[in-house]
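The values are calculated or read from the model by the stated rules, or taken from the named source; none is laboratory data. What you see is a predicted model; the values in this text were computed from it and never measured. Cβ atoms come from the backbone with ideal geometry, glycine included; neighbour counts cover every protein chain shown. Ligands, DNA and RNA are excluded from the accessible area calculation, which covers all protein heavy atoms including side chains. Shrake-Rupley method; radii C 1.70, N 1.55, O 1.52, S 1.80 Å.
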Amino acid sequence: MNKVADKKIFEVPLYSYERSPDQDAPAPVRRKVVVIGAGPIGLGAAIDLAQQGIEVVVLDDNDKVSFGSRAICFAKRPLEILDRLGCGHEMVDKGVEWQLGKVFFDDRKVYEFNLLPEDGHEFPAFINLQQYYFEEYMVNRVRALQAEGAPIEIRGRNKVSAIGTHPDHVTLEIDTPEGPYNLEADWLIACDGAGSPTRAMLGLDFVGRVFEDNFLIADVIMEADFPTERWFWFDPPFNRGQSALLHKQPDGVWRIDLQLGWDIDKEREKRPENVIPRLKAMLGEDVEFELEWVSIYTFQCRRMERFRHGRVIFAGDAAHQVSPFGARGANSGLQDTDNLVWKLKLVMEGKAPETLLDSYDDERIHGADENILNSSRSTDFITPKSEMSRVLRDAVLDLSEHYAFARPLVNSGRLSVPCTYDGSALNTPDALPGGPDRARPGSPCADAPLGEGFLLPKLGDRFTLLTIGADAPDSLEAEGLTIDRLALDPTAELAERYLGSAASAVYLIRPDQHVAARWPAYDDAAVKAALKRAIGKE
């Protein structure tokens, strides 16, 4: 019996329905922030808000974790965000770490790639972890925060049935097993997935492409000696003319994706008598396995035209959708909320204008467009739409086996990397001559070893003045904020990642650990001007 079945993780309610005092109030109660959706993105937003002392209520029409593994690949940057939220290490400890990928064409390996070729990072390039574990660990974190007195609540089986928008608040009608009630919120964050009822209730839609190919996902339980790597096949003998993907998950579960083509009977293809022969053709007739979860999916590469609509803000799949190739769905959603929460906090505290939230739109639409572009290119390479496209793709694959120049042209899914907010209105023009391009304004901070620890946990979730070999005040007050200094001596890793050819550097780091500005030395007026710009006051 596998561990998942023993725990009955799909059946056990993690946030059972309980009657709230709000349901008995004589008038609708006003809450600071309401989040719709208790999946990874909604819980990420709620935990971030609660850790910073902001009252938040999460509403979900379910009361259990997701059925089936669903999202499984979580990248380094989201793991770093999750560490700040208090559950990153737990996920890494349970997950399967990997950084090596192999690409096969027909029955031969054509090349392999390493996603984290440099040392000195606390977190791995990727882990594979079933989404039901991911959600369980986040719910556990919510419970821990509640035990500490943090202002966070999850209400299971609370289905939002209507939304009204107003200049300074949002109204919600909510259905429960004991009848409906009304609630108000200063702000509403919609994290209710690709089929977002919130989006539908507000009459909003997506723009972009819909792809017609069908893919079979099978999570199988088996004892296998495949290495902990990402294996991707183009035109394999066991799935001719199509593609296949193999990933290892915890508890002896393996994720297999098989491309099926366009015109299929989805219900028929999901039946075990049709799935099992496909898997035996791939794994071998003698391999024993058990089906845990089977699904067939098509996908879209689309997004909303705007993510913010007054007091309603969309994040994750509710705001944008991509193909599964490249693991850009949940990973980009966590970066949405990481970008949003610090801005919303400053606006709610009156320390930044409400227009700061427009930069969430600008920066995360930039991120979504980057993901959609990469995802669409991956899909076009994996599923050629014409015979000439297929001939060209196959020629690239043949060349990649022997010639390094062809390998960057192979696209089995450009794997998730954090977005650099080039051109953001919050950036101050680069003022560090010789500074490395990877740490330019708008970039996410790269981790680096610092004696017994690492850089990113020391940056935390506040504005920080990072100095490397440079003098500066230990703290400064500006725009109602206190900016603490993190003073470091140069090391080989810091020099490579933050100094380049410069002898010293001063960085202003945002609460989401993106670079706001940088200089060779401390300049009080310049730092304060950059802070003002970074909180939307210029």
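Residues of segment 442-477 that are more than 27 Å from G367 (Cβ to Cβ), free of Cβ contacts under 8 Å to residues at least 40 places away in the same chain and outside any strand (DSSP E or B): G451, E452, G469, D474. Restricting D394, D398, D336 to those that are of a type in the set (D, E, K, R), modelled with pLDDT of 90 or more and closer than 26 Å to P124 by Cα reduces the list to D336. Residues in segment 496-519 that are touching a Pro at 6+ places or on another chain (Cβ under 7 Å) and in a loop (DSSP other than H, G, I, E, B) were compared, and the one that is most open to solvent (accessible area, probe 1.4 Å) is G500. Considering A439, A446, the condition of being modelled with pLDDT of 95 or more, open to solvent by 10 Å² or more (accessible area, probe 1.4 Å) and aliphatic (A, V, I, L, M) is satisfied by A446 alone. Determine, yes or no, whether R278 is closer than 30 Å to S161 by Cα and either in contact with a Cys (Cβ under 8 Å, 6 or more places away or on another chain) or crowded, with 18+ Cβ neighbours inside 10 Å (or both). In short, no. Based on what the data block shows, is E135 of a type in the set (D, E, K, R) and open to solvent by 20 Å² or more (accessible area, probe 1.4 Å)? For E135, the condition - of a type in the set (D, E, K, R) and open to solvent by 20 Å² or more (accessible area, probe 1.4 Å) - is not met.
Against the numbered list (1) part of a loop (DSSP other than H, G, I, E, B); (2) at pLDDT below 90, A5 comes up short only at (1). Exactly one residue among A487, A529 is in contact with a strand residue (DSSP E or B) (Cβ under 9 Å, 6 or more places away or on another chain), in contact (Cβ under 8 Å) with a residue 24 or more places away in the chain and open to solvent by 30 Å² or more (accessible area, probe 1.4 Å), and that residue is A529. Remark: pairs (first residue in segment 30-44, more than 15 Å from P151 (Cα to Cα) and among the acidic types (D, E); second residue assigned to a helix (DSSP H, G or I) and open to solvent by less than 10 Å² (accessible area, probe 1.4 Å); Cβ separation under 7 Å; 6+ apart in sequence or on different chains) are absent.
Residues of segment 326-333 include at least one that is of a type outside the set (V, I, T), under 18 Å from F104 (Cα atoms) and touching a residue at least 40 places away in the same chain (Cβ under 8 Å).
When each of V347, V312, V322, V294 is tested for being modelled with pLDDT of 95 or more, touching a strand residue (DSSP E or B) at 6+ places or on another chain (Cβ under 6 Å), β-branched (V, I, T) and open to solvent by less than 50 Å² (accessible area, probe 1.4 Å), the lone residue that passes is V312. Scanning segment 8-58 for residues that are at positive phi and either surrounded by fewer than 23 Cβ atoms within 10 Å (Cβ to Cβ) or modelled with pLDDT under 95 (or both) yields a count of 2.
The criterion of at least 2 residues that are farther than 24 Å from A446 by Cβ is met by the following helices (runs of 4 or more DSSP H) wholly inside segment 33-97: 40-51.
Which of the residues that make up segment 374-398 are outside any helix (DSSP H, G or I), open to solvent by 30 Å² or more (accessible area, probe 1.4 Å) and not small (G, A, S)? Steps first, please.
So the first thing to find is which residues in segment 374-398 are outside any helix (DSSP H, G or I), and the list is 383-386.
Then drop every residue that is not open to solvent by 30 Å² or more (accessible area, probe 1.4 Å), which leaves 385-386.
Passing the criteria: only K385.
Within segment 240-257, which residues are polar (S, T, N, Q), within 13 Å of M282 (Cα to Cα) and in contact (Cβ under 8 Å) with a residue 60 or more places away in the chain? Even if it seems obvious, please write down each step before you answer.
We begin by selecting, within segment 240-257, every residue polar (S, T, N, Q); these are 242-243, 249.
Restricting the remaining residues to those that are within 13 Å of M282 (Cα to Cα) gives 242-243.
S243 - this is the single residue of segment 240-257 that is polar (S, T, N, Q), within 13 Å of M282 (Cα to Cα) and in contact (Cβ under 8 Å) with a residue 60 or more places away in the chain.
Of the set (1) within 24 Å of P457 (Cα to Cα); (2) crowded, with 16+ Cβ neighbours inside 10 Å; (3) in contact with a Ser or Thr (Cβ under 9 Å, 6 or more places away or on another chain); (4) not hydrophobic (A, V, I, L, M, F, W, C), all apply to R407 but (1). Can you spot a residue in segment 120-134 that is in a strand (DSSP E or B), within 22 Å of G316 (Cα to Cα) and in contact with an Asp or Glu (Cβ under 7 Å, 6 or more places away or on another chain)? Scanning segment 120-134, I find at least one residue that is in a strand (DSSP E or B), within 22 Å of G316 (Cα to Cα) and in contact with an Asp or Glu (Cβ under 7 Å, 6 or more places away or on another chain), so the answer is yes. Please find, among P408, P418, the residue that is closer than 30 Å to N128 by Cβ and in a loop (DSSP other than H, G, I, E, B). Of P408, P418, the one residue that is closer than 30 Å to N128 by Cβ and in a loop (DSSP other than H, G, I, E, B) is P418.
The test for being in contact with a strand residue (DSSP E or B) (Cβ under 6 Å, 6 or more places away or on another chain), more than 23 Å from L260 (Cα to Cα) and not hydrophobic (A, V, I, L, M, F, W, C) does not hold for S375. With respect to I296, is the statement that it is closer than 29 Å to R209 by Cα and among the aliphatic types (A, V, I, L, M) true? Here the answer is yes, as I296 does meet what is asked.
Among the conditions (1) under 30 Å from R306 (Cβ atoms); (2) surrounded by 17 or more Cβ atoms within 10 Å (Cβ to Cβ); (3) in contact (Cβ under 8 Å) with a residue 60 or more places away in the chain, D369 misses just one, which is (2). Within segment 62-113, track down each residue that is among the acidic types (D, E) and either on the phi < 0 side of the Ramachandran plot or crowded, with 21+ Cβ neighbours inside 10 Å (or both). Across segment 62-113, the qualifying residues are D63, E80, D83, E90, D93, E97, D107, E112. The residues in segment 114-166 that are touching a strand residue (DSSP E or B) at 6+ places or on another chain (Cβ under 7 Å) and acidic (D, E) can be counted, and the count is 2. When W254, W233 are checked against the criterion of being closer than 14 Å to I382 by Cα and either touching a strand residue (DSSP E or B) at 6+ places or on another chain (Cβ under 6 Å) or open to solvent by less than 30 Å² (accessible area, probe 1.4 Å) (or both), a single residue qualifies: W233.
What are the residues in segment 193-252 that are closer than 25 Å to N274 by Cα and small (G, A, S), if any? Residues satisfying the conditions are A218, A224, G241, S243, A244, G252.
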